[in-house]
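One structure is given here, and the rest of the page talks about it.
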C-alpha cells in the first residue's frame, strides 16, 4: 500500500487526520517550531490504521509520517521536555477549539497528560507518510470506558 497524504482545511478534515495519527509515537526532539515560517512540524511513527484488515492478524504496520501545521501564531506545551530524545510521546487525539472561526487552537493530546496547543489563523494541516511501512507485532489497545 502506498503511503497516505492528507490535508485538513476544516475541523471535519482534522478529525480524519486525528484518526490516522492516533497512537503515533514521537519524541520532543522530533518536534520543530519555526516561528518565522509560522509552521510546526512533527515527525512520528504512526500506527497504520488504514492498513488494518479487520481480522486477527498477528502483524501490523507502522510508518514514519510528517505532520505539518501552517499559519501558526503561537505554540504552548504541557508535560513535554523540549529537545529530549528519550521521552516517548503517544498521540491520543487532535482536537480543534474555536471561539471565532476560522482561527482557533489545535490541541494535540498525548498520553501521560502531555499536550501541545497550537494557535492558528486557520486550519491548514498536512499529513504525509515519508517512506515504506515496517512490520510490528504490537497493536495499540485502549481500555473501554
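Within the stretch 1-23, being assigned to a helix (DSSP H, G or I) and either under 10 Å from residue 125 (Cβ atoms) or within 13 Å of the chain's Cα centre (by Cα) (or both) holds for 13, 14, 15, 16, 17, 18, 19, 20, 21. Of the residues making up the stretch 63-87, those that are at pLDDT 95 or above, more than 24 Å from residue 5 (Cβ to Cβ) and part of a loop (DSSP other than H, G, I, E, B) are 79, 80, 87.
For residue 71, indicate whether it is more than 26 Å from residue 48 (Cα to Cα), in contact with a strand residue (DSSP E or B) (Cβ under 7 Å, 6 or more places away or on another chain), in contact (Cβ under 8 Å) with a residue 12 or more places away in the chain and surrounded by fewer than 16 Cβ atoms within 10 Å (Cβ to Cβ). No: the conditions fail for residue 71.
Remark: residue 105 matches the filter, which requires a residue to be within 18 Å of residue 7 (Cα to Cα) and free of Cβ contacts under 8 Å to residues at least 24 places away in the same chain.
The numbered conditions (1) under 11 Å from the mean Cα position of the chain (by Cα); (2) over 18 Å from residue 138 (Cβ atoms) are all true for residue 38 except (1).
Exactly one residue among 132, 128, 114 is farther than 18 Å from residue 17 by Cβ and under 16 Å from the mean Cα position of the chain (by Cα), and that residue is 114. If you take the residues of the stretch 114-139 that are farther than 19 Å from residue 43 by Cα and at pLDDT below 95, which of them is surrounded by the fewest Cβ atoms within 10 Å (Cβ to Cβ)? Ranking the candidates gives 137 first.
Tell me yes or no: at least one residue of the stretch 90-110 is over 11 Å from the mean Cα position of the chain (by Cα), closer than 19 Å to residue 29 by Cβ and either surrounded by 15 or more Cβ atoms within 10 Å (Cβ to Cβ) or modelled with pLDDT of 95 or more (or both). No, there is no match, as no residue in the stretch 90-110 is over 11 Å from the mean Cα position of the chain (by Cα), closer than 19 Å to residue 29 by Cβ and either surrounded by 15 or more Cβ atoms within 10 Å (Cβ to Cβ) or modelled with pLDDT of 95 or more (or both). Going through (1) part of a loop (DSSP other than H, G, I, E, B); (2) in contact with a strand residue (DSSP E or B) (Cβ under 8 Å, 6 or more places away or on another chain) one by one, residue 37 falls short only on (2).
Evaluated against (1) on the phi < 0 side of the Ramachandran plot; (2) in contact with a strand residue (DSSP E or B) (Cβ under 8 Å, 6 or more places away or on another chain); (3) exposed (fewer than 14 other Cβ atoms within 10 Å of the Cβ), residue 12 falls short on exactly one condition, (2).
The values are calculated or read from the model by the stated rules, or taken from the named source; none is laboratory data. Quick caveat: nothing in here was measured; it's all calculated off a predicted structure. Note: ideal-geometry Cβ built from the backbone for every residue, glycine included; neighbour counts use all protein chains shown.
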